[in-house]
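Throughout, read-outs are computed from the coordinates displayed, never taken from laboratory work. Given the structure is predicted, the values throughout are model-derived calculations rather than measurements. Here the Cβ positions follow ideal geometry from the backbone for every residue, glycine too, while neighbour counts run over all protein chains shown.
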Amino acid sequence: MADFNATNYARTQSVPMRSVDGGDYGGRQRVVYDEYVTTGSETSGDRIRIGTLRAGQRFLGGRMTYGAMGSGRTLRLGDSEDDDRFLASVSVSSAGQSTIAAAAGFGHKPAQDQDLFLTIGGGTLASGQTIKLRLSIVSD
């Protein structure tokens, strides 16, 4: 039976030890939490800014809960470069929750700060509905 080393673990074992970015190995997990109450004026294509992924931080996943936004309404989570990097369109027609762990966005590490947005689809959101997000990131 053979043992193999992953990239960053191998860096920590080399002599001399090579530097490993704190966002990659031995970093601290941080949480971005935010919530938003709809006004009824948010509609398709509008964005709700929910936080910033700082340069060098890695996106690990999260959870979103939401109230009933109306028939055919959707939300997706991304950044200015890719509006569904972390969560593809999810129906928010009725109250529920979604796990944010999109394969494409897991481990994303921007070179510069990136604002995170929820993008609305399918029409105008119902008024007075709460969206809550908890995102996990790692940094040094």
The convex hull of the Cα atoms of the chain, divided by residue count, gives a volume in Å³ per residue of 112 Å³
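Going by how many other beta carbons lie within 10 Å of each one, how would you line up F106, F86, F4, F117, fewest first?
Numbers: F106 14, F86 25, F4 6, F117 19.
Lowest count first: F4, F106, F117, F86.
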Fewest Cβ neighbours within 10 Å first, please rank Y36, Y66 accordingly.
-> Y36, Y66
Net charge (Lys, Arg +1; Asp, Glu -1) of residues whose beta-carbon lies under 13 Å from that of L133, L133 excluded, is +3
5 angstrom amide H check on A55, placed H, neighbours 5+ away | D113, Q114
Please list the non-local residues whose amide H lies under 5 Å from the amide H of R73, H modeled 1.01 Å from N, same-chain partners needing a gap of 5 or more.
-> V92, S93
Around I120 (Cβ within 12 Å, Cβ-to-Cβ, excluding I120; K/R +1, D/E -1) the net charge comes to 0
